[in-house]
Amino acid sequence: MEHFFDDREGVLLIAHRGHSVDGHENSRHALRMAAEKGADACEIDLRLSADGVMVVFHDAILDEASTATGAVASHGWDHLR
């Protein structure tokens, strides 16, 4: 199976959580900014909410990067959004 990176020469620029210097990590804005600044790809973190919704959030717990507390997996989507 071919991959779009197979024909690429040189170094790949992959933005970790997007371009989070000027915005919140893993946000749409951070991903858009990374693309605009030339990133070839973005690495993001996916978690599952208690009701099975995929959530883009770096940590397994909410305490340090949000106003909520506890594990991402212990809250439903309505609470997380």
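The values are calculated or read from the model by the stated rules, or taken from the named source; none is laboratory data. Just so it is clear, the model here is predicted, and its values are computed rather than measured. Glycine gets a Cβ as well: all are built from the backbone with ideal geometry, and neighbour counts include every protein chain shown. SASA here: full protein model, heavy atoms, side chains in, ligands and nucleic acids out. Shrake-Rupley method; radii C 1.70, N 1.55, O 1.52, S 1.80 Å.
Taking each pair of distinct Cα atoms in the chain once, what is the resulting Kirkwood hydrodynamic radius in Å?
Values: mean 1/r = 0.0710 Å⁻¹.
Mean inverse Cα-Cα distance, inverted, gives 14.1 Å.
Glu25: net charge of surrounding residues, Cβ under 12 Å, Lys/Arg +1, Asp/Glu -1, itself excluded?
On the way: positive: Arg17, Arg28; negative: Asp22, Glu43, Asp45, Asp59, Glu64.
It works out to a net charge of -3.
What value, in deg cm²/dmol to 500, does the helix sum -39500 (n - 2.57) over DSSP H runs of n ≥ 4 give at 222 nm once divided by the residues of the chain?
Working: 2 runs with 13 residues, N = 81.
Value at 222 nm, helices only, nearest 500: -4000 deg cm²/dmol.
For the chain, what % of the accessible area comes from carbon and sulfur atoms, probe 1.4 Å? All intermediate terms of the calculation are to be shown ahead of the outcome.
Details: 3150 of 5910 Å².
After summing per-atom areas, the C and S share lands at 53 percent.
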*With every protein chain left in place, what is the accessible area of Ser27 in Å² (1.4 Å probe, nearest 10)?*
30
*GluC sites (Glu not before Pro) within the chain, DSSP loop, no more than 13 other Cβ atoms inside 10 Å*: Glu2, Glu9, Glu64
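Just the number please: accessible area per residue for region 9-81, 1.4 Å probe, all protein chains included, in Å².
Details: 4900 Å² over 73 residues.
Here the residues of region 9-81 average 67 Å² of exposed surface.
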*Got a number for the accessible area of Arg47? Probe 1.4 Å, square angstrom, nearest 10.*
80
